[in-house]
Amino acid sequence: MWFDPYCRNASALSAVTRLHADEQCTEGSSGFEHVFIMEYTDTLSAGIHGWVFFNMEEHLGGFNYYGYLGTQEIPGKGVMLEIVSDWNGHLKPITGFFSGASPELELALFSACFILRPGELVNITLAGEFLQLQTVVESYDNKDLVHTAYFVLEK
């Protein structure tokens, strides 16, 4: 569900993120790449829902952080952020991640939500705090794969 490659093009991709306008399938994307690393087009970046990659790239000068849109602190565990940024000129108008959470925790939470309630907004409690996680299904080659997964801030 995380590592199976699938196409990201106009005919094979859901409306969430259309990264390639051509009709030829370029298999090679995966849910893991989209969520924990990133993808990009000529002008936009997509994914980047894991803080470890963002932090590493920011220290290397790849990411420009333009400010936050919202935060939610999880006492003693970290903070959830919604931010605006770009990576080497590829704008990311909004992304969110749980800064301070281990990638293992994120992968476990996202996986459980995807398996139990695929494609739904899921309410959980972590360290006594109410959180919401969203998963999106990518149906490809007769399999349901992770398209994306991310935390949603309380509004």
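The values are calculated or read from the model by the stated rules, or taken from the named source; none is laboratory data. Because the structure is a prediction, the values reported are computed rather than measured. Don't worry about glycine lacking a Cβ; one is built from the backbone with ideal geometry, like all the others, and counts go over all protein chains shown.
Taking the stretch 35-66 as the region of interest, how many residues are of a type outside the set (Val, Ile, Thr), in a helix (DSSP H, G or I) and under 13 Å from Phe97 (Cα atoms)? Of the residues in the stretch 35-66, 5 are of a type outside the set (Val, Ile, Thr), in a helix (DSSP H, G or I) and under 13 Å from Phe97 (Cα atoms). Counting only residues that are assigned to a strand (DSSP E or B) and surrounded by 14 or more Cβ atoms within 10 Å (Cβ to Cβ), the stretch 99-138 holds 12 of them. If only residues of the stretch 110-122 that are touching a strand residue (DSSP E or B) at 6+ places or on another chain (Cβ under 6 Å) and without any contact (Cβ under 8 Å) to a residue 60 or more places away in the chain are counted, the one that is nearest to Gly50 (Cα to Cα) is Cys113. When you check Ile48 against the structure, is it modelled with pLDDT under 85, hydrophobic (A, V, I, L, M, F, W, C) and within 15 Å of Glu106 (Cα to Cα), yes or no? Criteria met by Ile48. Quick one: would you say Phe32 is outside any loop (DSSP other than H, G, I, E, B), modelled with pLDDT of 70 or more and under 19 Å from Tyr140 (Cβ atoms)? Spelling it out, Phe32 is indeed outside any loop (DSSP other than H, G, I, E, B), modelled with pLDDT of 70 or more and under 19 Å from Tyr140 (Cβ atoms). Within the stretch 72-90, being surrounded by fewer than 16 Cβ atoms within 10 Å (Cβ to Cβ), out of contact with any Phe, Trp or Tyr (no Cβ under 7 Å at 6 or more places or on another chain) and assigned to a strand (DSSP E or B) holds for one residue alone: Glu73. The residue that is modelled with the highest pLDDT, among those in the stretch 61-111 that are among the hydroxyl-bearing types (Ser, Thr, Tyr) and more than 16 Å from Phe151 (Cβ to Cβ), is Tyr66.
For beta carbons closer than 8 Å, sequence separation of 6+ or different chains, a first residue in the stretch 95-106 that is under 18 Å from Glu154 (Cβ atoms) and a second that is loosely packed, with under 14 Cβ neighbours inside 10 Å, the qualifying pairs are Ser99/Asn55.
Scanning the stretch 68-83 for residues that are within 14 Å of the chain's Cα centre (by Cα) and not charged (D, E, K, R) returns Met80, Leu81, Ile83.
In the set (1) in contact with a Cys (Cβ under 9 Å, 6 or more places away or on another chain); (2) in contact (Cβ under 8 Å) with a residue 24 or more places away in the chain, Glu57 fails one condition alone, (1). Checking the stated criteria, Leu145 turns out to be in a strand (DSSP E or B) and modelled with pLDDT of 90 or more.
Being exposed (fewer than 13 other Cβ atoms within 10 Å of the Cβ), over 20 Å from Gln134 (Cα atoms), more than 18 Å from the chain's Cα centre (by Cα) and of a type in the set (A, V, I, L, M, F, W, C), is that true of even one residue in the stretch 52-67? Scanning the stretch 52-67, I find at least one residue that is exposed (fewer than 13 other Cβ atoms within 10 Å of the Cβ), over 20 Å from Gln134 (Cα atoms), more than 18 Å from the chain's Cα centre (by Cα) and of a type in the set (A, V, I, L, M, F, W, C), so the answer is yes.
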